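A.B. asks: One structure coming up, written as structure tokens, with questions to follow.
The values are calculated or read from the model by the stated rules, or taken from the named source; none is laboratory data. These numbers come from a predicted model, not from an experiment. Neighbour counts are summed over all protein chains in view; Cβ atoms, including those assigned to glycine, are modelled from backbone coordinates with ideal geometry. SASA here: full protein model, heavy atoms, side chains in, ligands and nucleic acids out. Shrake-Rupley method; radii C 1.70, N 1.55, O 1.52, S 1.80 Å.
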Amino acid sequence: MEDCLAKKMEITVSEAEKRTGRNAMNIQETYTAYLIETRAVESQSEGPCAPVESLWRRYSEFELLRNYLSVTYPHIVVPPLPEKRADFVWHKLSADNMDPDFVERRRIGLESFLLRVASHPVLCQDKIFYAFLMQESGWKEMVNETGFQLKADSRLKALNATFRVKNPDKRFTELKHYSDELQSVISHLLRVRARVADRLYGVYKVHGNYGRVFSEWSAIEKEMGDGLQSAGHHMDVYAASIDDILEEEEHYADQLKEYLFYAEALRAVCRKHELMQYDLEMAAQDLTSKKQQCEELATGTVRTFSLKGMTSKLFGQETPEQREAKIKVLEEQIQEGEEQLKSKNLEGRDFVKSAWADIERFKEQKNHDLKEALISYAVMQISMCKKGIQVWTNAKECFSKM
């Protein structure tokens, strides 16, 4: 971790800007661009600060970067991007992806994504990622030249492997259950939080109504007027603070959403392992079949029903020369198959070792982050309750002086 890019460079997504342009189909569209600023850290102790490098990126470019990382490093739990459109929002909040508040939260999420990648011991060393931060023009061409799209596994192939693997690794099966449970629990938390936020909004609006009533009432009272007006003022201040509180609430929700999306990143690692296991089993099955064919040709006996066996019975046996030629071809194929199987076994063991190390790193990070987020959320709720108590204590004093 000492060599990670996050230790050597300050990375911020400092600004979001709404723009209009034409896409690849020459159709005019409105989109948001994000300003990425970077500055080397080393030179701080050497005297003058390093100059700030900056460039603009669209959300689609962040998506391209993440797709590249996911394909290039299949054994790594690649950090997720923030949502493209708002989900799990309470009904008073805008779900428009051009809404300024949503754009601001997404800006924070994109910065978090870059910092996650820059802090990862493997991903931070990737040249394409470094170019994403430093090279605005020609970056897309550089990514496409890697040919990563050709390495991407189709969803159909992955689904086929899931159902046809005969000996799935128990650890990865349990990891799939773990990711499903993580997604289920966080989804439930987000739904509950949205209901709590809606209820909270209602409580604060009631205080706003109290403030208005006390203020209007004070205008028609002589002796109680000052006390009612002061009580109304406390209620108004309390009600007006709801916007800042709900903005902070959304920040905690976004922290939970990050781990909601991490669940899919975990499943992506599981799918890749299933594909590798399926290829290994198919290679082993093919090798066994060729060895059996070779044995049958060498001994002249057919141990299982086959079209070749029926053909030889109907049209006569092959000549010794033909049989020898076939045996020779099969022996070469068997030798090649054994080497391939050995290579796939080694690749599989390396994948499991690397993937499991990264999964353990992810779990440690998740436990730390969610613990901090939930504690902070609880502290915020306690602080809000204390403010509510203080408001009514102040109001009580106002009423007592009447």
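A.B. asks: Just to be sure, is Glu181 within 18 Å of Lys272 (Cβ to Cβ), modelled with pLDDT of 85 or more and open to solvent by 20 Å² or more (accessible area, probe 1.4 Å)?
C.D. replies: On the way: within 18 Å of Lys272 (Cβ to Cβ): no; modelled with pLDDT of 85 or more: yes; open to solvent by 20 Å² or more (accessible area, probe 1.4 Å): yes.
Taking the combined requirement at face value, the residue does not satisfy it.
A.B. asks: Would you check if Phe214 is under 25 Å from Leu69 (Cβ atoms) and surrounded by 13 or more Cβ atoms within 10 Å (Cβ to Cβ)? Quick ask: steps written out before the conclusion?
C.D. replies: Values: under 25 Å from Leu69 (Cβ atoms): no; surrounded by 13 or more Cβ atoms within 10 Å (Cβ to Cβ): yes.
When the stated conditions are applied, Phe214 does not pass them.
A.B. asks: Something else about it: Here is a list of conditions, (1) in a loop (DSSP other than H, G, I, E, B); (2) under 21 Å from Glu10 (Cα atoms), and Met98 meets all of them except one; can you say which number that is?
C.D. replies: Condition (2) is where Met98 drops out.
A.B. asks: While we're looking at this one, here's another question. Any idea which of Lys344, Lys353 is basic (Lys, Arg), open to solvent by less than 60 Å² (accessible area, probe 1.4 Å) and on the phi < 0 side of the Ramachandran plot?
C.D. replies: After applying the criteria, what remains is Lys344.
A.B. asks: Looking only at the range 363-402, count every residue that is farther than 30 Å from Asp226 by Cα and open to solvent by 90 Å² or more (accessible area, probe 1.4 Å) and tell me the total.
C.D. replies: Taking the range 363-402 and keeping what is farther than 30 Å from Asp226 by Cα, we get 363-382.
Retained after the next criterion (residues that are open to solvent by 90 Å² or more (accessible area, probe 1.4 Å)): 364, 368, 371-372, 375, 382.
Count: 6.
A.B. asks: I've got another one for you. Could you run through the range 158-178 and say how many residues are in contact (Cβ under 8 Å) with a residue 12 or more places away in the chain and exposed (fewer than 13 other Cβ atoms within 10 Å of the Cβ)?
C.D. replies: Residues in the range 158-178 being in contact (Cβ under 8 Å) with a residue 12 or more places away in the chain and exposed (fewer than 13 other Cβ atoms within 10 Å of the Cβ): 3 in total.
A.B. asks: Give just the number: which of (1) open to solvent by 60 Å² or more (accessible area, probe 1.4 Å); (2) in contact with a strand residue (DSSP E or B) (Cβ under 8 Å, 6 or more places away or on another chain); (3) at pLDDT below 95 does Leu115 not satisfy?
C.D. replies: Here Leu115 clears every test but (3).
A.B. asks: Continuing with this model, one more query. Of all residues being open to solvent by less than 40 Å² (accessible area, probe 1.4 Å) and modelled with pLDDT of 60 or more in the range 42-56, which is nearest to Ala16 (Cα to Cα)? Just the residue, please. Let's see the steps before the verdict.
C.D. replies: Pass one, the range 42-56, residues open to solvent by less than 40 Å² (accessible area, probe 1.4 Å): 43, 50, 55.
Retained after the next criterion (residues that are modelled with pLDDT of 60 or more): 50, 55.
Numbers: Ala50: 23, Leu55: 12 Å.
By that ranking, first place goes to Leu55.
A.B. asks: Which residues, taken from the range 290-331, are closer than 28 Å to Arg164 by Cα, open to solvent by less than 50 Å² (accessible area, probe 1.4 Å) and modelled with pLDDT of 85 or more?
C.D. replies: If the condition is that a residue be closer than 28 Å to Arg164 by Cα, open to solvent by less than 50 Å² (accessible area, probe 1.4 Å) and modelled with pLDDT of 85 or more, then Lys290, Cys294, Leu330 are the ones that fit.
A.B. asks: In addition: Go through (1) of a type in the set (Asp, Glu); (2) touching a helix residue (DSSP H, G or I) at 6+ places or on another chain (Cβ under 8 Å); (3) within 28 Å of Asp243 (Cβ to Cβ); (4) surrounded by 17 or more Cβ atoms within 10 Å (Cβ to Cβ) one by one and return the number of the condition Asp101 breaks.
C.D. replies: Unmet condition: (4).
A.B. asks: Any residue at all in the range 187-195 that is open to solvent by less than 20 Å² (accessible area, probe 1.4 Å), at pLDDT 90 or above, in contact with a Cys (Cβ under 7 Å, 6 or more places away or on another chain) and not hydroxyl-bearing (Ser, Thr, Tyr)? Give the derivation first.
C.D. replies: Taking the range 187-195 and keeping what is open to solvent by less than 20 Å² (accessible area, probe 1.4 Å), we get 187, 190, 193-194.
From the residues that got through so far, the ones that are at pLDDT 90 or above too are 187, 190.
Checking the rest, the ones that are also in contact with a Cys (Cβ under 7 Å, 6 or more places away or on another chain) come to none.
No, the range 187-195 has no match at all.
A.B. asks: Only one of (1) in contact with a Gly (Cβ under 8 Å, 6 or more places away or on another chain); (2) open to solvent by less than 30 Å² (accessible area, probe 1.4 Å) fails for Gln277. Which number is that?
C.D. replies: Only one criterion in (1) in contact with a Gly (Cβ under 8 Å, 6 or more places away or on another chain); (2) open to solvent by less than 30 Å² (accessible area, probe 1.4 Å) is unmet by Gln277, namely (2).
A.B. asks: Given the residues Glu249, Glu258, which is the only one that is under 30 Å from Pro100 (Cα atoms), buried (at least 19 other Cβ atoms within 10 Å of the Cβ) and at pLDDT below 90?
C.D. replies: Just one listed residue meets the conditions, Glu249.
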